[in-house]
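Peer 1: Quick one: the structure is below, questions incoming.
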Amino acid sequence: MSEKSKTSAGRHLTKVVGDAYMDLHARAAQGAFVVWIAINVPAELFLGFENVVYGVPESHAALNAAKGVGVLQCEKAEQMGYSMDLCSYARIDIGSESDGGKDSPTFGLPKPDLLVSDNNNCSLLVKWFDVHHRRMGVPHFIIDVPFCYEPQKEKDRKYIIQQFKDLIRTIEEMSGQKFNMDKAMAAVSNTNEGIAHWKRFLSFAQCRPSGITAFDSFVQMAPFLVARGTPQFVEHYKLLVRETEQRVQEGKFPVPDEKYRLFWDNIAPWHQLRKMSSGLAKLGANIVGATYTSCIGTVEGSFDLFSYDGGDPLEYCARTQNCYMCPHGMKLRGKSMQAVVEELNVDGVVFASNRSCKPYSVTQLDQQKLMTDQFGVPSVMIDVDHADARKYSEESTFTRLEALLEQIEAKRAA
Ligand code: SF4
């Protein structure tokens, strides 16, 4: 999409992401303490320091995939001996780091002083960050987050908070900077406010036709990964809501002749966003929501906003550690999905089986059975890797998607 044809929120998104990467490189060059973090490590903690900046390898990998260089970066890692079965985010990141970010749209990430991973989404992340630890000789801090087959227990929360305190102490010792709890609190407040706007943006999917597509929401997730905790983060989502609301009021919908409302389960197919959304729109179908985007700012078993109460920011960060879907047990995952499918009046679910993200995909067959048998929602399983375009067939995917639309028609006729 050209800059000219973009909405204001689209242009602002480009600016927020571009500024974030430029600022990261510039501050690193001027001597800021640089941390590479896993997606779920609370970035707000780093905003509690005067001069600590962070980069998110998973987010950087997604950007590479969306900009069409995912396969190129994967191949570099494969030439180093990493298996094609390994998570494509990990391959992209390792490949990009191997030559200093030569082909990356952001010139890679600046060299870190500290690596911080966690194991709540998947244990692969820990091994992946260990590769960097060995290659660059940089310390690796691991946050151990218990899985949540039920709502988080008090003792687990305390265990996580203790590790946050250890992390803060580690950064203080390594960087010589002092942590400021008030700054972290302000960052958490900004995150909370921005996510409230994000939830409002997602709620435009309740309109008929839907005011958004899940593909819009995939793209609009980026500030959550590069700018959360900042005033720019709040401003961006405020603008996005304002603009979306106006478009809905003016009767401008992404799929005006919407006949089928679908729901997506798994990571975004970064290399197929435009092609898949336009292919579906031609069939009168819109993917109106996704587990991937709905879980931001929530706690397990619900996609409702978990609001910050203005108290201890470490408590809030610990409580929301399990917001993503991967660590949820079958019951919690099914519960939240059923609620959102009902709320959005969804006709069918697209389970995007993704062999390179096993944690997200491993329970999908059971989830599919649950949606069909227990809740009577037609569904289909497609194969698509989130970032490696070689592991995707447009033809077979659309054959299956069309079969889903036929199932929906058959259900309507009955
Ligand atoms: S395997 Fe999945 S959850 Fe783990 S790092 Fe890769 S994309 Fe993330």
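Peer 1: Can you say whether Ser203 is in contact (Cβ under 8 Å) with a residue 24 or more places away in the chain and either hydroxyl-bearing (Ser, Thr, Tyr) or touching a Gly at 6+ places or on another chain (Cβ under 6 Å) (or both), as far as the supplied structure shows?
Peer 2: Working: in contact (Cβ under 8 Å) with a residue 24 or more places away in the chain: no; either hydroxyl-bearing (Ser, Thr, Tyr) or touching a Gly at 6+ places or on another chain (Cβ under 6 Å) (or both): yes.
Spelling it out, it is not the case that Ser203 is in contact (Cβ under 8 Å) with a residue 24 or more places away in the chain and either hydroxyl-bearing (Ser, Thr, Tyr) or touching a Gly at 6+ places or on another chain (Cβ under 6 Å) (or both).
Peer 1: So which residues in region 263-295 are assigned to a loop (DSSP other than H, G, I, E, B) and under 17 Å from Leu344 (Cα atoms)? Don't jump to the end; show me each part of the working.
Peer 2: Within region 263-295, the subset assigned to a loop (DSSP other than H, G, I, E, B) is 266-269, 283-284, 295.
If the condition is that a residue be assigned to a loop (DSSP other than H, G, I, E, B) and under 17 Å from Leu344 (Cα atoms), then Gly284, Cys295 are the ones that fit.
Peer 1: Does Met337 fit the bill of being at negative phi and assigned to a helix (DSSP H, G or I)?
Peer 2: Working: at negative phi: yes; assigned to a helix (DSSP H, G or I): yes.
Yes: the conditions hold for Met337.
Peer 1: State all residues of region 340-391 that are β-branched (Val, Ile, Thr) and within 19 Å of Ala214 (Cα to Cα); if no residue qualifies, say none. If you could, list the steps in order and put the result at the bottom.
Peer 2: Residues of region 340-391 that are β-branched (Val, Ile, Thr), as a first pass: 340-341, 346, 349-350, 362-363, 372, 377, 380, 382, 384.
Correct list: Val340, Val341, Val346, Val349, Val350, Val377, Val380, Ile382, Val384.
Peer 1: Now a separate question. Specify the residue that is surrounded by the fewest Cβ atoms within 10 Å (Cβ to Cβ); the eligible residues are those in region 69-101 that are charged (D, E, K, R) and either assigned to a helix (DSSP H, G or I) or at pLDDT below 95 (or both).
Peer 2: Residues of region 69-101 charged (D, E, K, R): 75-76, 78, 85, 91, 93, 97, 99.
Still in the running and either assigned to a helix (DSSP H, G or I) or at pLDDT below 95 (or both): 75-76, 78, 85, 91, 93, 97.
On the way: Glu75: 16, Lys76: 19, Glu78: 16, Asp85: 11, Arg91: 28, Asp93: 30, Glu97: 24.
The extreme case among them is Asp85.
Peer 1: Taking the conditions exactly as written (under 19 Å from the mean Cα position of the chain (by Cα), of a type in the set (A, V, I, L, M, F, W, C) and within 23 Å of Cys317 (Cβ to Cβ)), does Val226 satisfy them or not? Please lay out each step first, then the result.
Peer 2: Details: under 19 Å from the mean Cα position of the chain (by Cα): yes; of a type in the set (A, V, I, L, M, F, W, C): yes; within 23 Å of Cys317 (Cβ to Cβ): yes.
In short, yes.
Peer 1: Give the number of residues within region 46-96 that are within 12 Å of the ligand (Cβ to nearest atom) and of a type in the set (S, T, N, Q).
Peer 2: Summing the residues that are within 12 Å of the ligand (Cβ to nearest atom) and of a type in the set (S, T, N, Q) in region 46-96 gives 2.
Peer 1: Ok, one more. Checking Ile39 against (1) in a loop (DSSP other than H, G, I, E, B); (2) free of Cβ contacts under 8 Å to residues at least 40 places away in the same chain; (3) aliphatic (A, V, I, L, M), which test does it fail?
Peer 2: That leaves (2) as the condition not met.
Peer 1: Can you tell me how many residues in region 42-60 are in a helix (DSSP H, G or I) and farther than 18 Å from Met181 by Cα? So that I can check it myself, show each step before the final result.
Peer 2: Applying the first criterion (in a helix (DSSP H, G or I)) to region 42-60 yields 43-48, 57-60.
Narrowing further to those that are farther than 18 Å from Met181 by Cα: 57-60.
Matching residues across region 42-60 total 4.
The values are calculated or read from the model by the stated rules, or taken from the named source; none is laboratory data. As the structure is a computational prediction, the values presented were derived from the model and not from experiment. FYI the Cβ positions are ideal-geometry reconstructions off the backbone, even for glycines, and counts take in every protein chain you see.
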